[in-house]
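Here the structure is laid out as structure tokens; the discussion comes afterwards.
The values are calculated or read from the model by the stated rules, or taken from the named source; none is laboratory data. What you are looking at is a predicted structure, and each value in this text was computed from that prediction instead of being measured. So basically every Cβ, Gly included, is an ideal-geometry build from the backbone, and we count neighbours across all protein chains shown. Side chains included, ligands, DNA and RNA excluded: accessible areas come from the protein's heavy atoms. Shrake-Rupley method; radii C 1.70, N 1.55, O 1.52, S 1.80 Å.
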Amino acid sequence: MNVEIREMEPADYDAVVALWSQTPGVILQPLTDSREGIARLLERNPGLSVVALLERGIAGSLLASHDGRRGFLQHLAVAPPLRGHGVAKAMIGRCLDGLSRHQLGWVHLDVAVTNEAAGAFWEKAGWSFQSHLMRLSRKL
């Protein structure tokens with residue numbers, strides 16, 4: 001299987017959203033996951049987010065960003081036929097390499113508490129739940 005990992009571009013938006021929409025556990029937000037929201041993220045964090053390409057188009061995606069102190073990964077998705085073939089691992093590696101160039105202390109990601117499969121995936125990939133942290137959010 002010949003999969004190419006490259007930087008995500010604004011033109012990838014429709015295909016990436018189609019993939020996210022078919023991926024259980026990916027929760028799309030109207031403002032930040034809109035075409036404009038994703039374009040803003042890509043512009044503010046050049047070279048960090050990626051897509052995985054096969055001959056027939058986009059088969060995976062991962063958003064990466066940072067605030068100057070911490071990095072963030074969001075919306076990991078791989079098309080079902082490619083799962084278990086190292087596509088996610090390759091995308092994660094590429095994003096972490098990009099984030100490491102910014103001398104960040106940590107990289108965080110969120111997993112819905114109901115998404116046990118995603119939690120198990122990330123733990124197997126070497127990530128750990130931080131029991132001393134609690135994520136609090138407030139909608140703007």
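The sole residue among Gly57, Gly98, Gly47 that is touching a residue at least 24 places away in the same chain (Cβ under 8 Å) and within 24 Å of Ser128 (Cα to Cα) is Gly98. The set of residues in region 101-113 being open to solvent by 50 Å² or more (accessible area, probe 1.4 Å), without any contact (Cβ under 8 Å) to a residue 60 or more places away in the chain and of a type in the set (Val, Ile, Thr) consists of Val113 alone. Checked against (1) part of a loop (DSSP other than H, G, I, E, B); (2) closer than 16 Å to Pro10 by Cα, Pro30 passes all but a single condition, namely (2).
For region 45-56, state whether one or more residues are over 15 Å from Val107 (Cβ atoms), out of contact with any Gly (no Cβ under 8 Å at 6 or more places or on another chain), surrounded by 12 or more Cβ atoms within 10 Å (Cβ to Cβ) and not hydroxyl-bearing (Ser, Thr, Tyr). Yes: region 45-56 contains one or more residues that are over 15 Å from Val107 (Cβ atoms), out of contact with any Gly (no Cβ under 8 Å at 6 or more places or on another chain), surrounded by 12 or more Cβ atoms within 10 Å (Cβ to Cβ) and not hydroxyl-bearing (Ser, Thr, Tyr). Selection of region 4-27 for residues being under 24 Å from Val111 (Cβ atoms) and part of a loop (DSSP other than H, G, I, E, B) yields Met8, Gln22, Thr23, Pro24, Gly25, Val26, Ile27. Scanning region 70-95 for residues that are open to solvent by 60 Å² or more (accessible area, probe 1.4 Å) and either within 14 Å of the chain's Cα centre (by Cα) or closer than 24 Å to Ala18 by Cβ (or both) gives Gln74, Pro80, Pro81, Arg83, Gly84, His85, Lys89, Arg94.
Could you figure out which of (1) open to solvent by less than 80 Å² (accessible area, probe 1.4 Å); (2) over 14 Å from the mean Cα position of the chain (by Cα) isn't true of Arg35? Status for Arg35: all satisfied but (1).
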